[in-house]
Amino acid sequence: NKANYEREVRKAKHILIATIDPTTNLPKTQEEQTEASRLSKEILDRVQNGEDFDALMNQYSEDPGLSSNPDGYVFGTGEMVPEFEEATDSVGFGEIAFCKSDFGFHIIKRLPITFEDAENALRSEVFGKLIDEKIEEWKKEFSIEIKQNEEILAEIK
């Protein structure tokens, strides 16, 4: 049922003007955050005045996932930060939303879900469940216990 699917799954592109340093994951200085706010509002004005969203996204976005998601993100409830989800839900297809999250300022363009998007999302969901089931099976079969190594996780972060 496409109508139900579109309520649960969204697709959007965004221009992220970051307020955190990508190398340290720490907040940028107050001066840098003020500049991020100014720049994001300038870009928002440009988009609303008809400039090409994709061109501005490719020029300005600081989203580290842009290169692997140039056609946008397909996401379900709880997969993005709440501010991003709420902003996306607040507009119709092809419309622009704006929000601030812990990552920075987002200029969001909501996109319609295509058959290919739905197929890929469903395939990913089914594949993920199959993998989880297989891992549980192997854990029982081989008496495997999986633990997080907090020390290594801290180094990665």
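Answer yes if at least one residue in region 82-98 is among the hydrophobic types (A, V, I, L, M, F, W, C), closer than 25 Å to residue 124 by Cβ and either surrounded by fewer than 14 Cβ atoms within 10 Å (Cβ to Cβ) or touching a Gly at 6+ places or on another chain (Cβ under 8 Å) (or both), and no otherwise. Looking through region 82-98, at least one residue is among the hydrophobic types (A, V, I, L, M, F, W, C), closer than 25 Å to residue 124 by Cβ and either surrounded by fewer than 14 Cβ atoms within 10 Å (Cβ to Cβ) or touching a Gly at 6+ places or on another chain (Cβ under 8 Å) (or both). Scanning region 24-69 for residues that are open to solvent by 60 Å² or more (accessible area, probe 1.4 Å), part of a loop (DSSP other than H, G, I, E, B) and either in contact with a His (Cβ under 9 Å, 6 or more places away or on another chain) or free of Cβ contacts under 8 Å to residues at least 60 places away in the same chain (or both) yields a total of 11. Going residue by residue through region 121-137, is there one that turns out to be hydrophobic (A, V, I, L, M, F, W, C) and surrounded by 16 or more Cβ atoms within 10 Å (Cβ to Cβ)? Yes: region 121-137 contains one or more residues that are hydrophobic (A, V, I, L, M, F, W, C) and surrounded by 16 or more Cβ atoms within 10 Å (Cβ to Cβ). When region 138-148 is examined, which residues are found to be charged (D, E, K, R), open to solvent by 100 Å² or more (accessible area, probe 1.4 Å) and part of a helix (DSSP H, G or I)? Result: 140, 141. Quick check, is residue 128 of a type outside the set (Asp, Glu) and modelled with pLDDT under 85? When the stated conditions are applied, residue 128 passes them.
The values are calculated or read from the model by the stated rules, or taken from the named source; none is laboratory data. This structure is a prediction, so every number in the text was calculated from the model and none was measured. Cβ atoms come from the backbone with ideal geometry, glycine included; neighbour counts cover every protein chain shown. To get the accessible areas, we keep the full protein, side chains included, count just its heavy atoms, and leave off ligands, DNA and RNA. Shrake-Rupley method; radii C 1.70, N 1.55, O 1.52, S 1.80 Å.
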